[in-house]
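The values are calculated or read from the model by the stated rules, or taken from the named source; none is laboratory data. Since the structure is predicted, the reported quantities are computational estimates derived from the model, not experimental observations. Reconstructed Cβ throughout: ideal geometry from the backbone, glycine too, with neighbour counts over all protein chains shown.
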Amino acid sequence: MKRISKAYIYALLSVLLWSTVATAFKLGLMVLSPLYLILLSTAFSLLVFFVVILLQGRIRELFTVTFTGLGKSALLGALNPFGYYLILFQAYNLLPAQVAQPLNMIWPVTLALLSAPLLKQKITIRNIVAILVSFVGVVFISSQGSLSGIANTNLTGALLAVGSSIIWAFFWVLSVLDKRDEIFKLFWNFAFGLSYLVIAAFLFTDFRLPDPRGIPASIYIGLFELGITYILWMKAMQLSENNAKTGNLIFLSPFLSLVFIHFILGETIFVTTFIGLAFIISGIWYQQKK
């Protein structure tokens, strides 16, 4: 099979799996609190990373990490999975999936804003136009079918969904600056993130065993949001001859996600959700377009 064909297969498989996770979030949150859902999911994803390293025969390398590397992972793990997913899952707890998922999609736009001070990149007219176009999309999605829907949208949930994209963009910038091997970086980031989540559960809950009905959703999220799918996507990027073209396939994910949200969760998908999502993706595409 040609290299480029393999790249597209890995990329499309990643897109398909990521399209299902918004539904898995809502199903998990029906049983578990955001804290316990991300705690269990992180534990399963950490196991995935360990198994991958084990199969690669690189266990010794895993434990040659430096104190500097551990310090970086301590910070990155606080951002993701700890901060990012706690905030994102709370947004899903307060909003319909069809609202929370697209609002979180604006992270490439916030990434451009954060890249200016952190990576010394200029904010261009293109960035500003992309932000404005994406903001129009946010308004459409928040309307939930009509102007009166904006008033009914949970403001806290909407702010959390958008805020999570800022944390993700900040994490992404710092992760780009961290030149360690990706799989080791992921393992140590998630090891610290899991530690923070366990401490938070101990301090802020009665620290009981979670409801076993939430375990299937946690395993699914750990495998296909945090673990295997990210590795598949990295493989697609490594095999791709044009990362921009392959990367654009990710824009299929939110539209496919609405299909799962409708048929599995039973949410009525508003026309304004499609319109708003189209605006957000158009803004992101215009920003990234050469």
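Would you pick out the residues in region 59-97 that are over 15 Å from the mean Cα position of the chain (by Cα), buried (at least 23 other Cβ atoms within 10 Å of the Cβ) and in a helix (DSSP H, G or I)? Ser73 - this is the single residue of region 59-97 that is over 15 Å from the mean Cα position of the chain (by Cα), buried (at least 23 other Cβ atoms within 10 Å of the Cβ) and in a helix (DSSP H, G or I).
May I ask you to verify whether Asn243 is over 20 Å from Glu182 (Cβ atoms), among the polar types (S, T, N, Q) and at pLDDT below 75? Answer is no for this residue. When each of Phe89, Phe67, Phe50, Phe44 is tested for being within 29 Å of Ser195 (Cα to Cα) and in contact with a Gly (Cβ under 7 Å, 6 or more places away or on another chain), the lone residue that passes is Phe44.
Whether a residue is surrounded by 21 or more Cβ atoms within 10 Å (Cβ to Cβ) and modelled with pLDDT of 70 or more was assessed, and Ile106 passes this test.
Of the residues in region 114-130, how many are surrounded by 16 or more Cβ atoms within 10 Å (Cβ to Cβ) and modelled with pLDDT under 75? It would help to see each step written out before you state the result.
In the first step, residues of region 114-130 are kept if they are surrounded by 16 or more Cβ atoms within 10 Å (Cβ to Cβ); the result is 114-115, 127, 130.
Among the residues that remain, those that are also modelled with pLDDT under 75 are: 114-115, 127.
Of the residues in that region, 3 qualify.
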